[in-house]
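Asker: Got a structure for you, questions after.
The values are calculated or read from the model by the stated rules, or taken from the named source; none is laboratory data. None of the values given here were measured: they were computed from a predicted structure. Every residue, glycine among them, receives a Cβ derived from its backbone with ideal geometry; neighbour counts consider all protein chains shown. Calculation scope for accessible area: heavy atoms of the full protein, side chains included, ligands and nucleic acids excluded. Shrake-Rupley method; radii C 1.70, N 1.55, O 1.52, S 1.80 Å.
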Amino acid sequence: DSGAPYGDLAYTVRATHPEKSNVEGLPAEEAVISYRDVFPPAAPSRLDALSEGDLVRLIWDPVEAPDLAGYLVFRAEGDAAPTQMTERPTAETFFTDASSRRGVRYRYTVVAVDAAGNRSPPSPEAVAEPF
């Protein structure tokens, strides 16, 4: 069933007579399946981080996915683990980090998210140190 929508689906089959189209057997027991999107979108292929005074501006290549919900931005300070900066996926392919501090080295990544909540691997890392 190549046109099946995502969700819970029920299927059954019936036997038919090869010469009499109005003769059908009883339906077989229904088979219920849960058809879910488990395939994440591709990761953004390029991420640039540009320092501008106290700000860091991020820009990345868009991801082509028919069910793309947006992007999540992550930041790590020094060698610390990354933390999510955007509460929800953003549809934009740019982000301004106004909470950065001068003289601190930051590492950024971006993750694409689809409508089912599947997350891509992170983009290549971009590094910035506001001046």
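Asker: For the stretch 36-83: of the residues being without any contact (Cβ under 8 Å) to a residue 40 or more places away in the chain and exposed (fewer than 11 other Cβ atoms within 10 Å of the Cβ), which is nearest to TYR6 (Cα to Cα)?
Answerer: For the stretch 36-83, the residue satisfying everything is PRO66.
Asker: Looking at (1) farther than 15 Å from GLU129 by Cβ; (2) open to solvent by less than 50 Å² (accessible area, probe 1.4 Å), which is the one condition that is false for GLU30?
Answerer: Going through the list (1) farther than 15 Å from GLU129 by Cβ; (2) open to solvent by less than 50 Å² (accessible area, probe 1.4 Å), GLU30 breaks only (2).
Asker: Then there's this: In this structure, does ALA65 turn out to be farther than 30 Å from PRO130 by Cβ and modelled with pLDDT of 95 or more?
Answerer: So ALA65 fits the description; yes.
Asker: Residue by residue through the stretch 97-123, note down the ones that are surrounded by 14 or more Cβ atoms within 10 Å (Cβ to Cβ) and either more than 17 Å from the chain's Cα centre (by Cα) or under 19 Å from VAL56 (Cα atoms) (or both).
Answerer: Listed by number, the residues that qualify are ASP97, SER100, TYR106, ARG107, TYR108, THR109, VAL110, VAL111, PRO122, SER123.
Asker: Another question, if that's okay. Which one is least open to solvent (accessible area, probe 1.4 Å), of the residues in the stretch 2-13 that are at pLDDT 90 or above and part of a loop (DSSP other than H, G, I, E, B)?
Answerer: Result: THR12.
Asker: Still on this model: Any residue in the stretch 114-128 that's under 19 Å from LEU50 (Cα atoms) and among the hydrophobic types (A, V, I, L, M, F, W, C): show its pairings with residues that are open to solvent by 50 Å² or more (accessible area, probe 1.4 Å) and in a loop (DSSP other than H, G, I, E, B) at Cβ separation under 7 Å, as long as the two are six or more apart or on different chains.
Answerer: Pairs found: VAL127/ARG105.
Asker: Looking only at the stretch 15-27, decide whether some residue is farther than 18 Å from PRO124 by Cβ, part of a strand (DSSP E or B) and open to solvent by less than 70 Å² (accessible area, probe 1.4 Å).
Answerer: no
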